[in-house]
1. For the structure I just gave you, tell me whether residue B:146 is under 30 Å from residue B:259 (Cα atoms) and within 12 Å of another protein chain (Cβ to nearest Cβ).
2. Looking only at region B:263-278, which residues are surrounded by 14 or more Cβ atoms within 10 Å (Cβ to Cβ) and facing chain A (nearest Cβ under 9 Å)?
3. Got a sec? Which of A:79, A:98 is within 10 Å of chain B (Cβ to nearest Cβ), surrounded by 14 or more Cβ atoms within 10 Å (Cβ to Cβ) and either part of a helix (DSSP H, G or I) or modelled with pLDDT of 85 or more (or both)?
4. Check A:151, A:172, A:141 and return the single one that is part of a helix (DSSP H, G or I) and over 30 Å from residue B:43 (Cα atoms).
5. One residue is enough: does region B:161-182 have a residue meeting the conditions touching a helix residue (DSSP H, G or I) at 6+ places or on another chain (Cβ under 9 Å), outside any helix (DSSP H, G or I) and farther than 30 Å from residue B:79 by Cβ?
6. Given the options A:261, A:219, A:254, name the one that is under 23 Å from residue B:132 (Cβ atoms), more than 8 Å from chain B (Cβ to nearest Cβ) and at pLDDT 85 or above.
7. Of these, B:230, B:198, B:235, which one is buried (at least 20 other Cβ atoms within 10 Å of the Cβ) and assigned to a helix (DSSP H, G or I)?
8. How many of the residues making up region A:134-169 are within 18 Å of residue B:249 (Cβ to Cβ), crowded, with 20+ Cβ neighbours inside 10 Å and facing chain B (nearest Cβ under 10 Å)?
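The values are calculated or read from the model by the stated rules, or taken from the named source; none is laboratory data. In this text, all values refer to a predicted model and were calculated from it rather than measured experimentally. A quick note on method: Cβ atoms are made from the backbone with ideal geometry, for glycine too, and the neighbour counts reach across all protein chains shown.
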C-alpha cells in the first residue's frame, strides 16, 4: 500500500522518522562504546596471525570410524531426547489445555495460564541446570528440561486452539447423554487434533535444535560431547561434532520444509 | 436415550478401537529404544539424595536476593546484555544486507536471461547460500563457546556469536521478503539496464522497507534472549551471572536474576511492539 501513497504524493520531510533514526543509531553507537568494542579492531584481529592456527586446527576434522560411530550414537541420543520430551510435553499440555481454555472455571483458567507462562518463560538451559541437580548428569536431565519448557509452550497453544474451537459437537454429545470425558474424546478432540499435531511437530523441530545444545550444562546429546572435547582441547574431534550438528539441523530443516510444503499444498 | 443404547449394545463401542489399540502398541514398541537411549529413569526424581540437593537449592529461591551490592551487579549485567544484543544486531545487519542482496532471486540478472557471466553469478549465489546456511545452522551458543576461546571471557564473544547467527538468519529472511514482495519494478529496472544495487534501492526498498525494518526489530527482541543464553558459556551479561550463581547453588541470586530476566524480556517485547507500530 505504501507504494501507492508514494506514487500519488511525494513524501514530506519526516521529522519524527529522523528523531527515531538518530535515537536508534545513537543507542547502537553507545552499545559499542559501552562494551569497549571497536568493529575495526575485529578485522585487524582476524588479520593477525592469532586466529589462523586456531582455524587450521579446526579444519582437520577427526573422521576415524570409532569416533564417527560415537557421533552417530550422539545424534540418536539427541533425537530421542527431543522426541520423548515433545511426546511427554504434548500429553501434559493436553491436560493443561483444558483448564487454560476455561473448561474448569475462571480460577483454574488463570492459575493454569500462570503455570504455562512460568514454564515457558524460564529458558531451557536454566531448566536443564536445575534438572541436572535433580537427576544427575545425562540425557534424562535434558529430556525433563525440554519436557517442562515445551509443556508450557504447548499448553498455551493447545489451550488457545481449544478456546477457538466450536463446542457444538461436544454439547450435542453431552445433551444426548454422553459422559464429559467421552464427549471430549469424540466431540472435540477429532476436530482439533490436526492443529495439535502440527504444533507438536513444530515444537519437535525446535526441540531437536535445543537438544543439541542442552549438553553444555551436562544434559546429554551432541552438546555434551562437544563441551567435553573442547574442554580437553581436542579441536579435530570438536569440529567433527560441529559438522554433525550442522548436518542434523540442515536435515531437520529440509525435512520440515518438505512437510510444510506438502501440508499447505493439501490445504489448497 | 438410555434404552436405545442398552438395546443396541454394539453401537456404543467405538468401531475404530481395535485399530487405535494396535497403533498404541506399535508406537510403544518403537518408543522403547528411544526411552533406553534417553536414559529415561523417572525413579531418579524420587531418590532421597537428589530430592535433598534440589530441595536445598530451590528453598533458597524465596526470598530473592535484594542486597544493594548484588542488585547493582545485576543492573550492570542487564545493561551489558542490552548492549550486547544491540551491537550484535547492528553487526548482523552489516553481514545480512550484502548476503541477502546476493541471494535474493528477485535481483538476479541471470534469471532474466543467460548473460556473459551467467555461471559465475550462479556460483557466487551458491557460495553465499552455503555461507548463510553455515552461519545460521550452528546454534549461537556453539559460536559463543568457540569465540570465548579466541577472545576470552566477556561480551565480545557474545556480540560476535549473535552477529554471526543473526546475520545468517536475517539474510535468509531479507532475501525471502524481497522475493515475496512486488518484484516487477526491480525487474523492469534490471531489464532496462540498471545495476543490481540501483534496482534494489529504487525498485524494491520503497515497498519492502517497512517489513524489513519490522522484522529486524523483532530479531533484536530475540537477540536479547539469545545473548542471555550465550552468557551461559561465559560470553558476558546476565547469562554469565546466572551461570555463576547456578554453579554456586545460590538460589536467592538465581531467583533475582530470573525475575530481572522476565522483566527484561517483557520490556523488550513492549519496546519492539512500540517501534513496529510506529513503522506501520
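1. Taking the combined requirement at face value, the residue satisfies it.
2. B:265, B:275, listed by residue number.
3. A:79
4. The match here is A:172.
5. yes
6. Exactly one residue qualifies, and that residue is A:254.
7. None of the others qualify; the one that does is B:230.
8. Number of matching residues: 3.
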